[in-house]
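Heads up: the structure comes next, in structure tokens.
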Amino acid sequence: MKARFRPKFNIRKGDSVVVIAGDDKALDKPRIVRRVLVDESKVIVEGVNIVTKHTKPSAQNTKGGIVKKEAPIHISNVMLWDPAQKSGAKVTRVRKDGKTERVFKVKKEAEGGKK
């Protein structure tokens, strides 16, 4: 993918995220991002989307057998975890002293009676 059209994501390696869609959906359980696949718009998250892979015996793995590993999920199915709000939160970018920082957006409380 050309650098000119490369997408920018707010999620980076090592961030705490919550899975908001799919079989491993858990809005109150933060997990760690292991890898971000920018060209594919996917992330590999610790303990999410576990797949089993059957491997043949080889020089490195003499026994072979069944290996469980994490498969990538789409980046739209995860949301950054905000420890202050204790939930997933949206992020905005703010420039401070020539550097870009990620800042969590504050959730508005639900107003009673209005629809």
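Where a number appears in this text, it was derived from the coordinates with a stated rule and is not lab data. In this text, all values refer to a predicted model and were calculated from it rather than measured experimentally.
A few notes on this one:
- Compared with the direct C-alpha span, the chain from LYS56 to ASP24 gains 8.6 nm at full extension, assuming 0.36 nm per residue.
- The GNM of the chain, with springs linking C-alpha atoms under 10 angstrom apart, assigns the highest mean-square fluctuation among VAL48, VAL17, VAL38 to VAL38.
- Most mobile listed residue (ALA84, ALA59, ALA71) in the chain, GNM with C-alpha springs under 10 Å: ALA59
- Separation of the alpha carbons by more than 21 angstrom is noted, of LYS25/LYS56; LYS42/LYS105; LYS42/LYS69; LYS29/LYS107; LYS25/LYS108; LYS29/LYS99, for LYS25/LYS56; LYS42/LYS105; LYS25/LYS108; LYS29/LYS99.
- For the range 45-112 versus the range 14-40, the gap between their alpha-carbon centres in whole angstrom: 2
- GNM top mover of VAL67, VAL33, VAL103 - the chain, alpha-carbon springs below 10 Å: VAL67
- Viscosity 1.002 mPa s, temperature 20 °C, Stokes-Einstein D of the range 2-115 from Kirkwood C-alpha radius, µm²/s: 128
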